[in-house]
Amino acid sequence: MIGEAGTTPFQKDLRRHLRERDEDRDLTRVICELATASRYVIHSIRTGELGVAGTSNLYGETQLALDVLSDRILQKRMKYSGVVAKIASEEIDEVICVNPDGKYSIVYDPLDGSSLVDVNLAVGTIVGIYEGQEPLSAGNKLVAALYILYGPRCTLVYSTGNGVHEFAMNALMEYTLVQENVQMAPSGTIYSPGGQRNQYTPGVEKFVSYLEEKGSKLRYSGGFVPDINQVLIKGQGLFMYPHLKNAPRGKLRLLYELNPMAFLIEQAGGAASNGRQRILDIEPEGIDHREPIFIGSKEDVARAEKFVAEFG
Ligand code: AHG
Ligand code: MN
Ligand code: MN
């Protein structure tokens, strides 16, 4: 009811939104279980232990207690859903077989940007959903993707291939609709550049100069989810974590960071490229496959590809 503090005109909750759009019941189940999982993750972030877990993940990165805890929470809810066959998690070295009869398989980064929690910056959960038993698939096989952003507000953004829709968690920890069919302008005035500047290649350097000359402003938090969310919800701009002289594949992981975000941004009319080809068309070489990324307003992404093609 408009006017009551913290409510939205819609007050339409996530489950009703999915039901009204006649989404597959099992897919609705998975998305709602992920929403439920986020309640436990946000509680852990706000009250949990920030230290290290004394273990490391596939990339040799020290796992924070929150990374491991978030992974456990998501695994538990996916198992409980009864409709998930397999899971590929950033925090687990191999694919987890959950339910041989499951209709969907999931890839996720349970807590992206976890090293930012101790300085109270926004972090998020990123999920890609495939139909069937093969989570190590190209992004063009995704049937849905979503992220949950644990910021000043807790928001959930999803798409099942029919537009991108944003929800916010209310006082009862339910997600209510904020806006439907988010759309991106063809070009923007925000850019979010990851990676060390002195490792940028000539093409990327020239692209940044082009963006600055056209008046783009730098917006970078170091958290992939809030940085992408800013470009998506503002409806304009570009995020990049490019190929670097000392890291030709960049840093971000194709399966559970780039593909879900590329699915969402394309659904909002944007584009996502590794500088040479569409992210969603890249065949994953393995669970730890990394790729450079230029993602956001499609004219800005196309311009990045031109600079990379001409100058490397
Ligand atoms: P994760 O915390 O899951 O390892 O991901 C962190 C990523 C991503 O959030 C962000 O875009 C990138 O790390 C930032 O990297 P830099 O610190 O090199 O800028
Ligand atoms: Mn991550
Ligand atoms: Mn992570």
Matching residues, region 286-305, being closer than 30 Å to V95 by Cα and either basic (K, R) or not assigned by TED's automatic domain parsing to the domain that holds L254 (or both): R290
query: Which ones in region 221-241 are more than 13 Å from ligand 1 (Cβ to nearest atom) and polar (S, T, N, Q)?
result: Q236
message: Just to be sure before I move on: is Q267 in contact with a Ser or Thr (Cβ under 7 Å, 6 or more places away or on another chain) and open to solvent by 50 Å² or more (accessible area, probe 1.4 Å) in the structure I sent?
response: yes
message: Against the condition in contact with a helix residue (DSSP H, G or I) (Cβ under 9 Å, 6 or more places away or on another chain), in a helix (DSSP H, G or I), in the same structural domain as L18 (by TED's automatic domain parsing) and open to solvent by 20 Å² or more (accessible area, probe 1.4 Å), how does N162 come out, does it pass?
response: no
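Please state which one of I282, I287, I293 is surrounded by fewer than 24 Cβ atoms within 10 Å (Cβ to Cβ), under 20 Å from K141 (Cβ atoms) and modelled with pLDDT of 95 or more. Please lay out each step first, then the result.
Values: I287 fails: modelled with pLDDT of 95 or more; I293 fails: surrounded by fewer than 24 Cβ atoms within 10 Å (Cβ to Cβ).
Sole residue among the options that is surrounded by fewer than 24 Cβ atoms within 10 Å (Cβ to Cβ), under 20 Å from K141 (Cβ atoms) and modelled with pLDDT of 95 or more: I282.
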task: State whether the residues of region 176-197 include one that is outside the structural domain of P110 (by TED's automatic domain parsing), part of a helix (DSSP H, G or I), at negative phi and not aromatic (F, W, Y).
output: yes
message: Where the second residue is within 12 Å of ligand 3 (Cβ to nearest atom) and basic (K, R) and the first is touching a residue at least 12 places away in the same chain (Cβ under 8 Å) and under 20 Å from R253 (Cβ atoms) and lies in region 49-64, which pairs have Cβ atoms under 9 Å and are six or more apart or on separate chains?
response: Y59/R253
field: Number of the exception - L121 against (1) within 16 Å of ligand 3 (Cβ to nearest atom); (2) farther than 13 Å from L34 by Cβ; (3) touching a strand residue (DSSP E or B) at 6+ places or on another chain (Cβ under 6 Å)
entry: (3)
message: Condition first: out of contact with any Pro (no Cβ under 9 Å at 6 or more places or on another chain) and within 16 Å of ligand 1 (Cβ to nearest atom). Can you find one or more residues in region 210-220 that meet it?
response: yes
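Please verify whether region 96-113 includes one or more residues that are assigned by TED's automatic domain parsing to the domain that holds C32, within 16 Å of ligand 2 (Cβ to nearest atom) and of a type in the set (F, W, Y). So that I can check it myself, show each step before the final result.
Start the filter on region 96-113 by keeping residues that are assigned by TED's automatic domain parsing to the domain that holds C32, which leaves 96-113.
From what is left, the residues that are within 16 Å of ligand 2 (Cβ to nearest atom) are 106-113.
Those left that are additionally of a type in the set (F, W, Y): 108.
Among the residues of region 96-113, at least one is assigned by TED's automatic domain parsing to the domain that holds C32, within 16 Å of ligand 2 (Cβ to nearest atom) and of a type in the set (F, W, Y), which makes the answer yes.
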statement: Conditions (1) assigned by TED's automatic domain parsing to the domain that holds G250; (2) out of contact with any helix residue (DSSP H, G or I) (no Cβ under 7 Å at 6 or more places or on another chain) -> F207 fails only (2)
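The values are calculated or read from the model by the stated rules, or taken from the named source; none is laboratory data. All values reported here derive from a predicted model rather than from experimental measurement. FYI the Cβ positions are ideal-geometry reconstructions off the backbone, even for glycines, and counts take in every protein chain you see. Surface areas here come from the heavy atoms of the whole protein model, side chains and all, with no ligands, DNA or RNA. Shrake-Rupley method; radii C 1.70, N 1.55, O 1.52, S 1.80 Å.
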